[in-house]
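The values are calculated or read from the model by the stated rules, or taken from the named source; none is laboratory data. Keep in mind that this is a model prediction, so the values were computed, not measured. The accessibility values were calculated without ligands, DNA or RNA, using every heavy atom of the protein model including side chains. Shrake-Rupley method; radii C 1.70, N 1.55, O 1.52, S 1.80 Å.
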Amino acid sequence: QATERGRKRPESLERIYLGKAPEDLVRKSEILREARIRKLRAELLRQTAETHFKYYCSICLIIRDENEYLEEWLQWHIGQGVEHFYIYDHDSKQPVKGFVEGLGKEISEKVTVLEWKGKHADAQPDAYNDCLNRFRGESRWIGFIDADEHVRVKTGQTLPEFLKGYEEYAGVFANWVTYSADGQVKECPGPLRQRFRKEFHEDKWLDKAGKIILQPYYMVDMVIHNGRAADGFYVVDAHGEKVYNYSLVDSHPTVDFICVDHYYTKSYEEWIKKLRRGSGHAKYRRKYEEFFRVNPDMGYCREKLELQQKYEISEK
């Protein structure tokens with residue numbers, strides 16, 4: 001195209017041809033777009049290399065009334081090499097900040113607690129996006145996981161050492177390894193990792209889903225299991241294969257290098273507590289029957305229909 005005086009348009013104003021436009025013009029548009037994406041990618045890589053991050057690897061968590069699992073969760077991830085934690089307290093009855101301070105300076109100095117009160121259209125994704133944007137320049141990597149999930153590196157490396165090999169990508173997808181109640185009805189004291197050791201592999205969703213650890217500089221926004229990467233970047237699994245749908249891996253799950261141990265139901269009693277807490281995700285409500293999907297051998301716990309319905313509380 002030309003301006004009214006016959007001069008050629010600058011490259012930034014070149015018309016983008018799509019659909020049924022002439023093939024040569026469509027291809028030219030594709031080449032221009034690819035060139036711009038390469039330029040953007042190179043610039044973001046340069047900015048990241050020149051940025052002095054306070055932390056290399058952190059984790060974001062939104063939590064409500066789950067303090068009984070929090071100390072073990074923090075200790076586990078500190079042992080995996082995580083340097084800092086951003087914890088969003090979603091109206092816990094026992095404030096998370098006071099609980100963390102009671103664990104001593106060695107732990108509390110590694111934690112930033114943010115009060116996540118008030119009305120949210122979708123509390124969990126809202127918290128994730130707040131963390132992504134607020135701490136984009138503070139931590140090079142941030143993992144977005146829950147209190148019933150433990151990231152486990154299986155290569156003998158710390159998590160930061162493992163992530164060094166993926167710095168050119170927007171993020172790394174880690175599949176769940178889900179654990180059943182292992183026949184336990186009552187809640188009892190003791191570490192989750194000792195109480196629940198029976199893996200469950202008979203559900204397509206649970207086997208193929210997981211969470212991502214990402215570089216905020218290369219991400220536009222977050223959902224729950226996934227996010228939208230900047231042009232020129234994408235999320236990969238531990239083998240470097242593109243993950244197109246971050247919440248359901250199209251290929252076979254890969255848990256040989258890294259995984260997320262997922263203590264989904266815990267005991268029956270703890271599952272009922274989980275139902276009563278509700279969900280931080282507006283489009284998802286836990287169902288009573290999910291416990292028996294993961295624990296088909298515990299049908300003797302099943303209660304009358306009116307009690308089941310009472311447990312399924314939906315957030316407003």
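Once a ≥ b ≥ c are taken as the square roots of the eigenvalues of the Cα gyration tensor of the stretch 30-71, is the result rounded (a/c under 1.5), prolate (a/b larger than b/c) or oblate (a/b not larger than b/c)? Since a/c reaches 1.5 but b/c is at least a/b, the shape of the stretch 30-71 is classed as oblate.
Of the solvent-accessible surface of the stretch 104-252, computed with a 1.4 Å probe over protein heavy atoms with every protein chain present, carbon and sulfur atoms account for 46 percent.
Residue order by solvent-accessible surface for Trp116, Trp205, Trp73 is Trp205, Trp116, Trp73, largest first, with ligands and nucleic acids left out and a 1.4 Å probe. Proximity of backbone amide H atoms, modeled 1.01 Å from N, is registered between Cys60 and Tyr86, Gly143, Phe144, Ile145 at under 5 Å, excluding neighbours fewer than 5 places apart on the same chain. According to the square roots a ≥ b ≥ c of the eigenvalues of the Cα gyration tensor, what is the shape class of the stretch 136-224, taking rounded for a/c under 1.5, prolate for a/b larger than b/c otherwise, and oblate for the remainder? Prolate, since a/c reaches 1.5 and a/b exceeds b/c.
Of the cross-linked pairs Lys119/Lys266; Lys97/Lys287; Lys105/Lys274; Lys93/Lys304; Lys93/Lys117; Lys164/Lys198, those separated by over 21 Å at the C-alpha level are Lys119/Lys266; Lys97/Lys287; Lys105/Lys274; Lys93/Lys304; Lys164/Lys198.
Each residue was assigned an accessible area with a 1.4 Å probe, and for Glu289 the value is about 80 Å². Legend: residues Tyr55, Tyr288, sorted from most to least accessible area (1.4 Å probe; ligands, DNA and RNA excluded), read Tyr55, Tyr288.
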